[in-house]
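Right, one structure below, let's go through it.
Read-outs: derived from the displayed coordinates by stated rules, not from any lab. Bear in mind the structure is a predicted one, so any value in this text is a computation, not a measurement. All Cβ positions, glycine included, derive from the backbone under ideal geometry; neighbour counts span all protein chains shown.
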Amino acid sequence: MAINVANQFGSPTWTEQKLTILEQYLKRYTTALKNQDFHLTYVDAFAGTGFVNPNVAAPQGNEFSWGESLDVSSRDVLVGSTRRAIAVADKPFDTLIFVEQNANHAAELQRIRAEYPSRDVRIEQSDANAFLQTWCDTQNRILGVPWNRSGDRQRAVVFLDPFATQVYWRTVAAIASTESIDLWILFPLSALTRILPRDREPDEAWANRLDEFYGGDEWRTLYQTRILPTLFGDEAEIVRADQRAIAQVYLDKLGTIFPHVSDSPKWFLNSRNSPLFAFMFAASNPGRGGQIALRIANHLLDRW
Ligand SMILES: C[S@@+](CC[C@H](N)C(=O)[O-])C[C@H]1O[C@@H](n2cnc3c(N)ncnc32)[C@H](O)[C@@H]1O
């Protein structure tokens, strides 16, 4: 079987780890809610094509190479997040929403829908931020209160798997406001490391982008001024904190809007042991459901 679009990024080990953690979480989460009368939705907001070839380097920026045929029988190709989610079997998701900006990728996702004709699968060719903000806010508005407090029996898992800094803080805040969604987010550490120079603060255009990404200027706490005594008097030098601190600022901020956040994300490293991504989990349900979700996520983050 071949598909038209090759979705190629990441290195085998960490892409596989990421997908395994997600898949295991989806299985355990749905099984934990099996005997409760919830409508369960899975939203894959950077959905891809359904298959992943992690052996080719990640695209630069938002560029994407394609036009090649991806032989999905090749042992290099992994089953992607959308296909793993739809295959959860013990207690299948009631609704699956696949959001994908790229038209060719969205067309590949239609194949999944065709393969599972009895399932409620929505494919949204849209920007993840625009879709999620509207979706979360509409649900809150229809219900008049966060989903969780409405008596409406809805729960959801959202997976955000961007290449770089595409996710706006407003989107993450909209997810938290529902009090009903669990969030897995791949934090793009290597992209941010490029944006945040080590010896000076970023210029204004990047600073604005960072404000949108972090939802404020907390990232500025990464920079400190050091005074260096020299022969000609003291000189001030600006230094940025280390890479893991870049993710920690975000993790701390997640803790201000989500009642439950895994405090040990999974660090995905390159061959020189530098962190490329941090895989983070947050649950928005303030009650027991959120605690159970956090326990499952912590166990998986620790194990893989
Ligand atoms: C890392 S891939 C997703 C892989 C997928 N999670 C999997 O495991 O199969 C990221 C995808 O997000 C899409 N994308 C990039 N920016 C987007 C945006 N702003 N909104 C929605 N999709 C976007 C890209 O076209 C690409 O297919």
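Here is how the numbers come out for the structure above:
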| read-out | value |
| --- | --- |
| Efficiency of FRET from Cβ geometry, Ile257 and Asp152, R₀ 25 Å, rounded to 0.05 | 0.75 |
| Rounded to the nearest 20 debye, dipole of region 241-297 from Cβ charges on Lys, Arg, Asp, Glu | 140 debye |
| Whole-Hz couplings from phi, Karplus 6.51/-1.76/1.60, listed for region 245-255; x for Gly and Pro | 5, 4, 6, 5, 4, 5, 4, 4, 5, 4, x |
| Region 153-304 - share of DSSP beta bridges that are antiparallel (%, nearest 5) | 80 percent |
| Charge dipole magnitude, Cβ of K and R +1, D and E -1 - region 89-245, Cα centre, debye nearest 20 | 460 debye |
| Simple label model, 7 Å out from Cα along Cβ direction - Ala89 to Arg113, nm | 2.5 nm |
| Rounded tilt (10° steps) of 103-115 against the dominant C-alpha axis of the chain | 30 degrees |
| Cα centre as origin, Lys/Arg/Asp/Glu Cβ charges: the chain dipole, Debye | 1000 debye |
| Per-pair calculated FRET efficiency, R0 = 35 Å: Leu231 and Thr13 via Cβ, rounded to 0.05 | 0.10 |
| Full-extension gain in nm, Trp304 to Asp137, via 0.36 nm per residue minus C-alpha separation | 56.7 nm |
| With Cα atoms, 0 to 90° folded angle of helix 288-303 axis to the chain main axis | 70 degrees |
| HN-Hα J in Hz across region 28-40 - Karplus 6.51, -1.76, 1.60, θ = phi - 60°, x for Gly and Pro | 6, 4, 5, 5, 4, 9, 4, 8, 10, 8, 9, 8, 9 |
| Positive-pole candidate from Gly216, Ser118, Thr256, dipole of the chain, charges at beta carbon | Ser118 |
| Farthest toward positive dipole pole in the chain [+1 Lys/Arg, -1 Asp/Glu at C-beta], among Pro162, Ala174, Tyr42 | Tyr42 |
| Of all DSSP beta bridges in the chain, antiparallel share, percent nearest 5 | 55 percent |
| Longest segment of the chain lacking trypsin sites (Lys or Arg not before Pro) that sit in a DSSP loop with at most 16 other Cβ atoms within 10 Å | 201-271 |
| For region 14-55 versus region 176-193, the gap between their alpha-carbon centres in whole angstrom | 14 Å |
| Helix axis angle, 128-143 relative to the chain longest principal axis, alpha carbon, degrees | 60 degrees |
| 25 Å Cα-Cα threshold exceeded, pairs from Lys34/Lys253; Lys34/Lys266; Lys18/Lys253 | Lys34/Lys253; Lys34/Lys266 |
| For region 99-127 and region 260-304, distance of Cα centres in Å | 27 Å |
| Debye equation applied to the C-alpha atoms of the chain, log10 I(q)/I(0) at 0.08, 0.09 Å⁻¹ | -0.37, -0.46 |
